[in-house]
Amino acid sequence: MTSTVRDTPLRAVHERLGATMTEFAGWCMPLRYGSETAEHNAVRTSAALFDLSHMGEIAVTGPGAGAALDYAVCGWPSQLSVGRARYTMLCAPDGGILDDLIVYRQAADRFLVVANAANTPVVLAELTKRCSPLEAVITDESEVTGLVSIQGPNGCGILSAVTDLPLASMPYYAGGYGTVAGREAWVARTGYTGEDGFEIFCAPADCEPIWDALTASAASGPDGRGLPAAGLAARDTLRLEAGMPLYGNELGPDVTPYEAGLGRVVRLDKPGDFVGRQALAVRAAEGPRRTLIGLLGRSRRVPRHGYPVLSGVGLSGLGLSAAGDRVGVVTSGAPSPTLGTPIAMAYVEVDAGGPFGIDIRGKTEPAEVTGLPFYDRRK
Amino acid sequence: MSVPAELRYTQEHEWVAIDSGTATIGITDYATQALGDVVYVSLPEVGAAVTAGEPCGEVESTKSVSDLYAPVDGEVVEVNEELNDDPGLINAEPYGLGWMFRVRVTDGQTGTGLLSPTEYDALTKSAG
């Protein structure tokens, strides 16, 4: 292992924009450029640009690629039509989650698996071990792939001006090969913000020309609001509002997809064996012991990762009066720019009842259970 | 990054302006840039006694929460109520409208242990 922190192909752009940089999963990444709240709001109301070149890209190719992936992950990638994408998971034999993934079917015999940066070595090793005996070739393309993402309701218009792909007719979770600013790219209507948006996979050297072309397209477009860059801080609050799990917070090797509320991604109905099938079938039958819930903070103090969730908290006219029993733990929490109140996701025991509170540094603050996601653009 | 010459500073990235025995306190430009957008600040109550170096409130930003420390001994005489509705003032004007609270400094205290602008500037640079 090396401790070298890697730069993305857009490092110079981030410096030019005055970004606050942070180390994330071994990469030097932009945390924010100015106000992370403004960046968040730009995605919700217009559009913003993200550098996601730290993500891992692993190609699974060959005549056996689909069947090999069906064995390796808990979804059913061989059922995907060419040009479609699916959210799936790589599980351990005991059903624990090793990573959550997006799988794109780019051709009949080619799939692109996008992994979290921190998990890419594990995903690469597991896919190689699981798929290689099945007439599939596993190739780590992370080093030769850059990723620029435009997210927000105006993204389609801004990107359409610089691509030959017919984006308006591209469904959500679909993608296609085309050019962006004259450079070859795989463009997909996917993202991690709860907003419409596109991810542009391209050669590292093409990231900056594509970034600049999108910025110029936005500046000359009818909206005229420009296209701010957004960093990891905004990405985290956007995905949290959208109720999307983050590996290391909601997901991990000690969590099954059922506990995370993502049992739908486990395709026990697909034919043949797959890694984790036996354990996951047992988990599906017995039901989860804990469940992921959404909580709205009722004070202005913000729940954070690791804070205890209490239930049976006594309520008085002045607020909480009695400490409750610990029934769970906050996995992610933040002040929600869209809702204007603190929000959190938490694992709690399935039979735990409210009223709930969160132990925020020794003082219990009231919290209300709410359905996930916190924010849904279709509502 | 701004470090006004007329102020004194603490290791905890607060600034202090002492005038006729009353200290006005806020957090520095460096602190706001490290924290990101401040969304809530919990301040001590007017009349509360505070002790130099002890926590007396907290500052919540998007990504983190930090304790607010009293830089001097004394009694809180005023808090910035505007911050309740607009905590963004702390990011926008950390040394102006974003001030946090005022303390009547205990007699005999001269603010020993506070940092000069030069010393504070060196502290932030050594922190990277």
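The lysines whose alpha-carbon is closer than 23 Å to the alpha-carbon of A:Lys379, local same-chain residues fewer than 8 away aside, do not include any residue.
Normalised by the number of residues in chain A, the mean separation of alpha-carbon contacts (under 8 Å, six or more apart) gives a relative contact order of 17 percent.
Dipole orientation for the stretch A:289-370: of the candidates A:Val327, A:Gly340, A:Pro308, A:Gly340 has the Cα lying most toward the positive pole (charges on Cβ; Lys, Arg +1; Asp, Glu -1). If you take the charge dipole of the protein assembly as shown about its Cα centre, with +1 on Lys and Arg Cβ and -1 on Asp and Glu Cβ, which of A:Pro133, B:Ser42, B:His13 is farthest toward its positive end? Final value for the positive-end residue is A:Pro133. If the viscosity is 1.306 mPa s and the temperature 10 °C, what translational diffusion coefficient in µm²/s does Stokes-Einstein give for chain A when Rh comes from Kirkwood over Cα pairs? Reported coefficient: 73 µm²/s.
Overall, the stretch A:35-174 carries a charge dipole of about 400 debye about its Cα centre when +1 sits on the Cβ of Lys and Arg and -1 on the Cβ of Asp and Glu, all other atoms neutral. With the simple spin-label model, which puts each label point 7 Å out from Cα in the Cβ direction, the B:Ala17 to A:Ala107 separation comes to 6.7 nm. Working from label points 7 Å from Cα in the Cα-to-Cβ sense, the A:Glu135 to A:Lys363 distance is 6.6 nm. Sorting the segments A:213-221, A:351-359 by their mean number of nearby beta carbons within 10 angstrom, highest to lowest, gives A:351-359, A:213-221. In this Cβ point-charge picture (+1 for Lys and Arg, -1 for Asp and Glu), the protein assembly as shown has a dipole of about 1620 debye about its Cα centre.
Only helices enter the 222 nm calculation for the protein assembly as shown: every DSSP H run of n ≥ 4 contributes -39,500 (n - 2.57), and dividing by all residues gives -5500 deg cm²/dmol, rounded to 500. For the charge dipole of the stretch A:56-127, defined by +1 on Lys and Arg C-beta atoms and -1 on Asp and Glu C-beta atoms about the Cα centroid, which residue among A:Leu98, A:Leu124, A:Tyr87 has the Cα displaced farthest towards the positive pole? Ranked along the dipole, the leading option is A:Tyr87. Rounded to the nearest 0.05, the FRET efficiency derived from the C-beta distance between A:Tyr172 and A:Thr4 at R0 = 30 Å is 0.20.
The stretch A:171-238 and the stretch A:92-160 have Cα centres lying 18 Å from one another. Within 10 Å of the Cβ of each residue in B:55-62, the mean number of Cβ atoms contributed by other protein chains is 4.
If the chain linking A:Val82 and A:Glu286 were pulled fully straight, counting 0.36 nm for each residue of separation and taking away their Cα-Cα distance, it would gain 69.9 nm. Straightening the chain between A:Ala203 and A:Cys28 buys 61.1 nm, computed as 0.36 nm per residue apart minus the Cα-Cα spacing.
Summing Cβ point charges (Lys, Arg +1; Asp, Glu -1) relative to the Cα centre of the stretch B:8-106 gives a dipole of roughly 260 debye.
Of the residues A:Gly340, A:Gly96, A:Gly306, the one that moves most in a GNM of chain A with alpha-carbon contacts below 10 Å is A:Gly340. Figure legend: label point modelled 7 angstrom from the Cα of B:Thr106 along Cα→Cβ; residues of the stretch B:66-92 with amide N under 11 Å from it are B:72-75.
Label positions at A:Thr370 and A:Glu184, each projected 7 Å from the Cα along the C-beta direction, are separated by 4.6 nm.
Since every read-out is calculated from the coordinates, none of them should be taken as a lab result. The structure presented is a predicted model; accordingly, all values stated were derived computationally and were not measured. Here Cβ is always computed from backbone atoms with ideal geometry, including for glycine, and neighbour counts include all displayed protein chains.
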